Amino acid sequence: MPSILNSLLFLAIAASSSRYSSGFLTSPSPQCPGSTTSARKQTTPLVVLYGSDWSGFGVLEDDDDDDIFIDRREYAKEEDDQEVKAQVGASLDTPSIDDGSTAFEPLFVPAGSQLEMDEETVLKILNACREEIGTLFGYTAENRGVGITGGVDYVELDGPVVVLRLKGRFWHERTTVLSRVSNYLQQRIPEIIDVTVEDEWQLTNEANEVDF
């Protein structure tokens, strides 16, 4: 008797599980009244929906740590008179001088001078350079008024090489600005072998559009 009950129980479980085999739910189709045909089984796929609150996703950040601001200010036109240029330029900041050279008076000497190379002398000659070829830079209101906001800073002496920083906006090619400053320094301190910038990017057109 127990073996018969076990067999019946096994058959009942097998019949029940066959309705869920292979990921489908089986259910008998309704049989037409009076039909002698055995009922066919209809299979319906099981669909499982997964929800997400996106809690595992973070905001994508730019890899660059520094923000770059493009200079989109409007300046006076070249044909405007000096008063208009100066008025526009007066509203703009003078390029900062961050190399400590303001502690020294400019040293004006003619080209061909034979000055010895040391940091103090370079700073003094660079001060004179800012004035004597001042049309390159934004140290006057008139120049700033037409969009010349660029400046030059001393960075260091690397042996016989002077390292500078160019910043702001120039009318001339930035390579031309560096060349003019280099000539000015070397014509007065002949021991200087080369004049370069701390970062080659400072000589690009992209650098010329950045608002410092």
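All of the numbers you see were taken from the coordinates with simple rules; none came from a lab. Bear in mind that the values here come from a model prediction, so they are computed numbers and not experimental data. Every residue, glycine among them, receives a Cβ derived from its backbone with ideal geometry; neighbour counts consider all protein chains shown.
Assorted remarks:
- Around ILE97: net Lys/Arg minus Asp/Glu count, Cβ-Cβ under 9 Å: -2
- Close amide H pairs (under 5 Å, H built 1.01 Å from N) link VAL197 with LEU164, residues at least 5 positions away or on another chain.
- Couplings 3J(HN,Hα) for region 178-191, derived from phi with the Karplus relation 6.51 cos²θ - 1.76 cosθ + 1.60 (θ = phi - 60°), are 4, 5, 5, 5, 4, 4, 4, 5, 5, 6, 10, 10, x, 6 Hz, where x marks Gly and Pro.
- Net +/- balance of residues flanking SER179 in space, Cβ distance below 13 Å, scoring K and R +1, D and E -1: 0
- Other residues lying with their Cβ under 9 Å from the Cβ of ARG165 contribute a combined charge of -4, Lys and Arg counting +1, Asp and Glu -1.
- Kirkwood radius for region 82-209, taken over all pairs of different Cα atoms as the inverse mean of 1/r, rounds to 14.8 Å.
- Residue-by-residue Karplus 3J(HN,Hα) for region 147-162, coefficients 6.51, -1.76, 1.60, Hz, glycine and proline x: x, 8, 10, x, x, 10, 10, 7, 10, 5, 9, 10, x, x, 10, 8
- Order of LEU126, LEU178 under a 10 Å beta carbon neighbour criterion, fewest first: LEU178, LEU126
- Fewest neighbouring Cβ atoms within 10 Å first, the residues LYS124, LYS167 line up as LYS167, LYS124.
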